[in-house]
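Asks: I have a structure here, written as structure tokens, and I will follow up with some questions on it.
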Amino acid sequence: MPSHYSPTAHTALSRRTLLATGAGVGAALAVGTPARAAEPRPTRRTLYVDPAGRGDHTTVQSAVNAASGTGWTLVLAPGTYRETVTVPESSSGLTLIGASGDPRDAVIVYDNAAGTPKPDGSGTYGTSGSATTTVRAAGFTAHALTFANDWLRDEHPDYTGTQAVALKATGDRSAFFRCRFLGHQDTLYADTADLGSFARQYFSDCYVEGDVDFVFGRATAVFEHCRFHTLTRSDLASAPYGFVFAPSTAVANPRGYLVTRGRVTSGAPDAYYKLARPWVPSSDTTARPMLTVRDTHLGRGIDPVAPYANMRDAYPWQAQRFAEYRNKGPGAVVTAPANRPQLTRAQAESATRATYLRDWKPPRDGRL
């Protein structure tokens, strides 16, 4: 699958290096002088995960379960981790890092969809339950990993619940650096734990692909230097459009999704995609979705004439908080001003990472 990441982003980590250090991933990445034998070795809060059995654990979930308390680091060796993973609220400050530095090398993937029957016969998973990885903890960080859901609607023509989430994050101060999110419908669920929580999330130099609402939810989320790639839908004959964003921001939240200095590329026909449509869920009919896309290159896949559409006619996109600023590319051409609201320079001054994330300042480049 397409990627724009360099495999030399980080030095590969060996298990020997990791087991010789105990101060977390910062120490694991450093190449320094070994500690003197007389000095007490600090408590090790780094676990190495290797599906081949050469680490502390062979699955990500078993490592998450073992990392009780806060501030643990899990380093994933190259490999495919075919499992579902849940990071509970109690695992605050957890960090996951791909050992090679190339997000294509360590892949967490599964294939549940919303309509997939549960093994115990209690119904289907639903959208949230379909997630390959679910992060509920605050202060979660991921570096150089792929989160994927490889369920395909073509293989299940009888399913009506075709949402298949790669990652759902609800914890505050969640950060993702140089990660990939692969799926089709509802790939990346940037959400909150409840209506009263305004969870902040940050995505830097990430890659997201899909075909229907593949970035959605009600979090306050900043996407900086990210690439969003639109796929050709397998049901192209019956589906008039594809959709990139579907925010569901709570009306009380002053900040929804901010996309800045990114790009939208496409593997679909020209003008086949809408940039966004508002999601007003039945659980929150007062939602007022918010999306600002600024200083971003919009490729030919985005419809320049009508870049927004309604999910439900009762909640028209014109009544939501959608805006753009200084975008470029063939999909950013303003053919009809009423069809794509633009921020003024004064309004754009508050559409920044610092404003959205408030007192939380994640490392800008994600370096450890």
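The values are calculated or read from the model by the stated rules, or taken from the named source; none is laboratory data. These numbers come from a predicted model, not from an experiment. Note that each Cβ is placed from the backbone with ideal geometry, even for glycine, and that neighbours are counted across all protein chains shown.
Asks: Which one of the conditions (1) touching a Ser or Thr at 6+ places or on another chain (Cβ under 6 Å); (2) modelled with pLDDT of 90 or more; (3) closer than 24 Å to L182 by Cβ does S92 fail to meet, given that it meets all the rest?
Replies: All conditions pass for S92, except number (3).
Asks: Can you name every residue in region 66-87 that is surrounded by fewer than 14 Cβ atoms within 10 Å (Cβ to Cβ) and at pLDDT 95 or above?
Replies: Hits for region 66-87 are A66, T80.
Asks: State whether the residues of region 283-300 include one that is surrounded by 22 or more Cβ atoms within 10 Å (Cβ to Cβ) and more than 22 Å from Y189 (Cβ to Cβ). Break it down stepwise before answering.
Replies: Looking only at region 283-300, we keep the residues that are surrounded by 22 or more Cβ atoms within 10 Å (Cβ to Cβ), and these are 287, 289-293, 296, 298.
Cutting the leftovers down to more than 22 Å from Y189 (Cβ to Cβ) gives us 298.
Looking through region 283-300, at least one residue is surrounded by 22 or more Cβ atoms within 10 Å (Cβ to Cβ) and more than 22 Å from Y189 (Cβ to Cβ).
Asks: If you check R227, R263, R178, which single one turns out to be farther than 18 Å from L145 by Cα and touching a residue at least 12 places away in the same chain (Cβ under 8 Å)? Reasoning before the result, please.
Replies: Values: R227 fails: farther than 18 Å from L145 by Cα; R178 fails: farther than 18 Å from L145 by Cα.
Matching residue, one of R227, R263, R178: R263.
Asks: Quick check on region 28-65: of everything there that is among the polar types (S, T, N, Q) and at pLDDT below 95, which residue is surrounded by the fewest Cβ atoms within 10 Å (Cβ to Cβ)?
Replies: Keep residues of region 28-65 that are among the polar types (S, T, N, Q), which gives 33, 43, 46, 58-59, 61-62, 65.
Imposing the further condition that a residue be at pLDDT below 95 reduces the set to 33, 43.
Details: T33: 5, T43: 7.
Per the criteria, the residue is T33.
Asks: Does G171 meet the test of being closer than 21 Å to T249 by Cβ, at pLDDT 95 or above, buried (at least 19 other Cβ atoms within 10 Å of the Cβ) and touching a Lys or Arg at 6+ places or on another chain (Cβ under 7 Å)? Walk me through it before giving the result.
Replies: Values: closer than 21 Å to T249 by Cβ: yes; at pLDDT 95 or above: yes; buried (at least 19 other Cβ atoms within 10 Å of the Cβ): yes; touching a Lys or Arg at 6+ places or on another chain (Cβ under 7 Å): yes.
Answer is yes for this residue.
Asks: Something else about it: Residues that are more than 21 Å from L357 (Cα to Cα), touching a strand residue (DSSP E or B) at 6+ places or on another chain (Cβ under 9 Å) and aliphatic (A, V, I, L, M): does region 182-201 have at least one?
Replies: First, the residues of region 182-201 that are more than 21 Å from L357 (Cα to Cα): 182-187.
Narrowing further to those that are touching a strand residue (DSSP E or B) at 6+ places or on another chain (Cβ under 9 Å): 182-187.
Adding the requirement that they be aliphatic (A, V, I, L, M) leaves 182.
Looking through region 182-201, at least one residue is more than 21 Å from L357 (Cα to Cα), touching a strand residue (DSSP E or B) at 6+ places or on another chain (Cβ under 9 Å) and aliphatic (A, V, I, L, M).
Asks: Restricting to region 211-226, name every residue that is closer than 19 Å to V264 by Cβ and outside any loop (DSSP other than H, G, I, E, B). So that I can check it myself, show each step before the final result.
Replies: First, the residues of region 211-226 that are closer than 19 Å to V264 by Cβ: 211-217, 221-226.
Within region 211-226, V212, V215, F216, G217, A221, V222, F223, E224 qualify.
Asks: Which residue pairs have Cβ atoms closer than 7 Å, lie 6 or more positions apart in sequence or on different chains, and pair a first residue in region 117-133 that is assigned to a loop (DSSP other than H, G, I, E, B) with a second residue that is at pLDDT below 95 and crowded, with 21+ Cβ neighbours inside 10 Å?
Replies: Nothing qualifies.
Asks: Follow-up. Is it the case, given these coordinates, that G329 is at positive phi, at pLDDT below 95 and not acidic (D, E)?
Replies: Against the criterion (at positive phi, at pLDDT below 95 and not acidic (D, E)), G329 does not qualify.
Asks: When you scan region 308-316, do you find a residue that is at positive phi and either in contact with an Asp or Glu (Cβ under 7 Å, 6 or more places away or on another chain) or touching a residue at least 40 places away in the same chain (Cβ under 8 Å) (or both), even just one? First the steps, then the outcome.
Replies: Quick first cut of region 308-316, residues at positive phi only: none.
Among the residues of region 308-316, not one is at positive phi and either in contact with an Asp or Glu (Cβ under 7 Å, 6 or more places away or on another chain) or touching a residue at least 40 places away in the same chain (Cβ under 8 Å) (or both), which makes the answer no.
Asks: Here's something else I'd like to know. Somewhere in region 189-210, is a residue closer than 22 Å to L152 by Cα, of a type outside the set (D, E, K, R), assigned to a loop (DSSP other than H, G, I, E, B) and free of Cβ contacts under 8 Å to residues at least 60 places away in the same chain?
Replies: Kept after step one, since they are closer than 22 Å to L152 by Cα, are these residues of region 189-210: 189-190, 207-210.
Then drop every residue that is not of a type outside the set (D, E, K, R), which leaves 189-190, 207-208, 210.
Of the ones still in play, those that are also assigned to a loop (DSSP other than H, G, I, E, B) are none.
No, that holds for no residue.
Asks: Tally up the residues in region 152-180 that are of a type in the set (F, W, Y) and closer than 18 Å to H229 by Cβ, please. It would help to see each step written out before you state the result.
Replies: Let us first name the residues in region 152-180 that are of a type in the set (F, W, Y), namely 159, 176-177.
After this cut, where a residue has to be closer than 18 Å to H229 by Cβ as well, the list is 176.
Here the count works out to 1.
Asks: Would you pick out the residues in region 103-116 that are in a loop (DSSP other than H, G, I, E, B) and of a type in the set (A, V, I, L, M, F, W, C)? Outline the logic, then answer.
Replies: Applying the first criterion (in a loop (DSSP other than H, G, I, E, B)) to region 103-116 yields 103-105, 111-116.
Matches in region 103-116: A113, A114.
Asks: Another question, then. Considering only residues that are farther than 19 Å from D191 by Cα, assigned to a loop (DSSP other than H, G, I, E, B) and of a type in the set (D, E), which ones fall in region 137-178?
Replies: D150, D158
Residues are listed down the side, and each one gets a yes or a no for (1) closer than 25 Å to H297 by Cβ; (2) within 13 Å of the chain's Cα centre (by Cα); (3) among the small types (G, A, S):
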position: Y159; (1), (2), (3): no, no, no
position: T162; (1), (2), (3): no, no, no
position: V165; (1), (2), (3): no, yes, no
position: S174; (1), (2), (3): no, yes, yes
position: A190; (1), (2), (3): yes, yes, yes
position: A199; (1), (2), (3): no, no, yes
position: V212; (1), (2), (3): yes, no, no
position: E224; (1), (2), (3): yes, yes, no
position: T249; (1), (2), (3): yes, no, no
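Asks: Take region 263-309 and flag every residue that is assigned to a loop (DSSP other than H, G, I, E, B), closer than 11 Å to S248 by Cα and among the hydrophobic types (A, V, I, L, M, F, W, C).
Replies: W279, V280, A287, listed by residue number.
Asks: Any residue that is under 25 Å from D205 (Cβ atoms), crowded, with 23+ Cβ neighbours inside 10 Å and polar (S, T, N, Q) - is there at least one of those in region 313-329?
Replies: Scanning region 313-329 turns up at least one residue that is under 25 Å from D205 (Cβ atoms), crowded, with 23+ Cβ neighbours inside 10 Å and polar (S, T, N, Q).
Asks: Of the numbered conditions (1) more than 28 Å from E155 (Cα to Cα); (2) of a type outside the set (V, I, T); (3) crowded, with 19+ Cβ neighbours inside 10 Å, H229 satisfies every one except a single condition; which is it?
Replies: H229 satisfies every listed condition except (1).
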